Amino acid sequence: GIPGTAAGGQDPHVMDYERWNVLMQTFCKRGRYNISKIPEIYDSAKYDLIQKKTFLDSDLLKRVYALSKEMADVVVPNEYGITSEERWDIGSRICSELLGKLCRDFSHMRQQSIEEEMELLEEELDTD
């Protein structure tokens, strides 16, 4: 790639700006806040601080990080429900969907492997 550009040839600072711009637009709309975006704000601020790359002023970024961390410490533990029953219900549904997908993927891989093995056997029988 070209030095100072991202994979798509775009300036990394432009990409950072666009990422933060979209994040801020989805976090605050018409004076209402979408608290589900707090973990993403926290992750973005932490990433940018660690990478020491951003178009943002570093003092501002440190303040965004500190505030979003405080909010994330409250929001994240309750992201999947407040009571034990809510967390169990939501977690069970998520895990059930993921396990179902894994089973389908494994089944597909197994079927594909059997078909490939059958093709190899047929090729061997044809050459004999």
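The values are calculated or read from the model by the stated rules, or taken from the named source; none is laboratory data. Since the model is a prediction, treat every value here as computed from it, not as a measurement. Don't worry about glycine lacking a Cβ; one is built from the backbone with ideal geometry, like all the others, and counts go over all protein chains shown. In case anyone asks, the SASA skips ligands and DNA or RNA and just uses the protein heavy atoms, side chains included. Shrake-Rupley method; radii C 1.70, N 1.55, O 1.52, S 1.80 Å.
Would you mention how many residues in the range 74-102 are at negative phi and either open to solvent by 90 Å² or more (accessible area, probe 1.4 Å) or in a loop (DSSP other than H, G, I, E, B) (or both)?
13
With the condition kept exactly as written, say whether any residue in the range 109-128 is closer than 18 Å to Arg19 by Cβ and out of contact with any Cys (no Cβ under 6 Å at 6 or more places or on another chain). Break it down stepwise before answering.
Initially, the range 109-128 is screened for residues closer than 18 Å to Arg19 by Cβ, giving none.
Within the range 109-128, none of the residues are closer than 18 Å to Arg19 by Cβ and out of contact with any Cys (no Cβ under 6 Å at 6 or more places or on another chain).
Pairs please, first residue from the range 37-59 and closer than 13 Å to Asp73 by Cα and at pLDDT 85 or above, second anywhere and open to solvent by 30 Å² or more (accessible area, probe 1.4 Å) and among the basic types (Lys, Arg), Cβ atoms under 8 Å, 6+ apart in sequence or on different chains.
Tyr42/Lys69
Tell me which residues, restricted to the range 9-27, are outside any helix (DSSP H, G or I) and surrounded by 12 or more Cβ atoms within 10 Å (Cβ to Cβ).
The initial filter retains those residues of the range 9-27 that are outside any helix (DSSP H, G or I), namely 9-11.
Once the filter is applied, which keeps residues that are outside any helix (DSSP H, G or I) and surrounded by 12 or more Cβ atoms within 10 Å (Cβ to Cβ), the range 9-27 yields only Asp11.
Go through the range 103-128 and report how many residues are part of a helix (DSSP H, G or I) and either in contact with a strand residue (DSSP E or B) (Cβ under 6 Å, 6 or more places away or on another chain) or among the acidic types (Asp, Glu) (or both).
Step one: filter the range 103-128 for residues part of a helix (DSSP H, G or I), giving 103-127.
Those left that are additionally either in contact with a strand residue (DSSP E or B) (Cβ under 6 Å, 6 or more places away or on another chain) or among the acidic types (Asp, Glu) (or both): 105, 115-117, 119, 122-124, 126.
Final tally of qualifying residues: 9.
Suppose we filter the range 60-113 for residues that are small (Gly, Ala, Ser) and over 23 Å from Lys37 (Cβ atoms); how many remain? Steps first, please.
Applying the first criterion (small (Gly, Ala, Ser)) to the range 60-113 yields 66, 68, 72, 81, 84, 91-92, 96, 100, 107, 113.
Then drop every residue that is not over 23 Å from Lys37 (Cβ atoms), which leaves 84, 92, 96, 100, 107, 113.
The qualifying residues number 6.
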